[in-house]
1. Tell me which helices (runs of 4 or more DSSP H) are completely within segment 54-156 and hold 2 or more residues being among the charged types (D, E, K, R) and under 25 Å from THR15 (Cα atoms), or say none if there are none.
2. So which residues in segment 106-135 are within 19 Å of VAL192 (Cα to Cα) and open to solvent by 40 Å² or more (accessible area, probe 1.4 Å), if there are any at all?
3. Quickly run through segment 141-164 and pick out the residues that are open to solvent by 30 Å² or more (accessible area, probe 1.4 Å), over 15 Å from ASP90 (Cα atoms) and not small (Gly, Ala, Ser).
4. Tell me which residues, restricted to segment 1-30, are assigned to a loop (DSSP other than H, G, I, E, B), hydrophobic (A, V, I, L, M, F, W, C) and surrounded by 16 or more Cβ atoms within 10 Å (Cβ to Cβ).
5. Between VAL139, VAL131, VAL164, VAL185, which is hydrophobic (A, V, I, L, M, F, W, C) and within 16 Å of the chain's Cα centre (by Cα)?
6. Sort out which residues of segment 167-206 are crowded, with 20+ Cβ neighbours inside 10 Å, of a type in the set (Val, Ile, Thr) and free of Cβ contacts under 8 Å to residues at least 40 places away in the same chain, and write them in order of number.
7. MET138 is checked against (1) crowded, with 17+ Cβ neighbours inside 10 Å; (2) closer than 22 Å to LEU37 by Cα and fails just one. What number does that condition carry?
8. For segment 73-105, how many residues meet the condition of being among the hydrophobic types (A, V, I, L, M, F, W, C) and open to solvent by 80 Å² or more (accessible area, probe 1.4 Å)?
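The values are calculated or read from the model by the stated rules, or taken from the named source; none is laboratory data. The structure displayed is predicted, hence computed values, not measured ones. Cβ placement follows ideal geometry from the backbone for every residue including glycine, while neighbour counts extend to all protein chains displayed. Protein only, heavy atoms only, side chains kept; ligands, DNA and RNA dropped before computing areas. Shrake-Rupley method; radii C 1.70, N 1.55, O 1.52, S 1.80 Å.
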Amino acid sequence: MFSRRIQQRARHLVTLLVSPLARLGVTPNMLTGIGLLISILTALVIAQGFLVVGGWLVLFAGIFDMFDGAMARVRNAATIFGAFLDSTLDRYSESIILFGLLWYVIQHPGLQDSLWPAPHEQTWMMVFIYVAVVGSLMVSYTKARAEGLGIECKTGLLARPERVIILAIGLLTNTGIWALALLAVFSNVTAVERMVAVWSKARQFAAEQAGQTHETQLSTSQPDAGSDHQQVPTEDGTNETRESDVRPVPTSVPPFSGGGVKREETA
């Protein structure tokens, strides 16, 4: 959802912040582990009912999540395992924070937002949390699976930064159920958008492959110039096959060959 320009500015700002840490010997994987610990702390704060503080911590955890990537760029230490670890722990972090919110909801059965039209708000929030977790995992999985097949897939409404901001706003403004409803719906919409995008690119790739195969078949099916059979037009405009005027040369001439049958030379 965020434009590329905003993302570039955010990366530039984070790079400036992590540069002093790079000189102290901090590694990207260290920051990834610290980010997971911050998410656990955030979940504990939310579970205890400190929602406003939890909202600020959600924002801080989301910003801190960018530190490991920026550190890898500053130190020129990007690795395959580092990228894998970052993506994996991001899923844990998001799920842990939502679990902290689920724990809070379970402990408060009398929740009721004055703007929420339906009764049994607790049940609704529990359902939204579950669906939001599933949607979050599917958004990540569809992207990873597509990239595993060689297809770039970055489309969709709610990537992780947008989900972090929506949840934080919901906690800070005491409109958590509305934030969870948005996360539940639009994270799964994002997953479906990515499935459609991969389907479209796969169809395009299959069409290109079919076109290349057809061209190859046409090039191999053209008759050779030296073929013994040629299509020649007749007087009525049709084509008929006639044999080449070139005939095999006999190896012997009767009666010196000992028989009256000609033997053709083989290649």
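1. 67-75, 80-107
2. Quick first cut of segment 106-135, residues within 19 Å of VAL192 (Cα to Cα) only: 128-135.
Once the filter is applied, which keeps residues that are within 19 Å of VAL192 (Cα to Cα) and open to solvent by 40 Å² or more (accessible area, probe 1.4 Å), segment 106-135 yields TYR130, VAL131, VAL134.
3. Hits for segment 141-164 are ARG145, GLU147, LEU149, ILE151, GLU152, LYS154, THR155, LEU157.
4. Answer for segment 1-30, where residues must be assigned to a loop (DSSP other than H, G, I, E, B), hydrophobic (A, V, I, L, M, F, W, C) and surrounded by 16 or more Cβ atoms within 10 Å (Cβ to Cβ): just VAL26.
5. Details: VAL131 fails: within 16 Å of the chain's Cα centre (by Cα); VAL164 fails: within 16 Å of the chain's Cα centre (by Cα); VAL185 fails: within 16 Å of the chain's Cα centre (by Cα).
It is VAL139.
6. Within segment 167-206, no residue meets the criteria.
7. Failing condition for MET138: (2).
8. Total meeting the criteria: 6.
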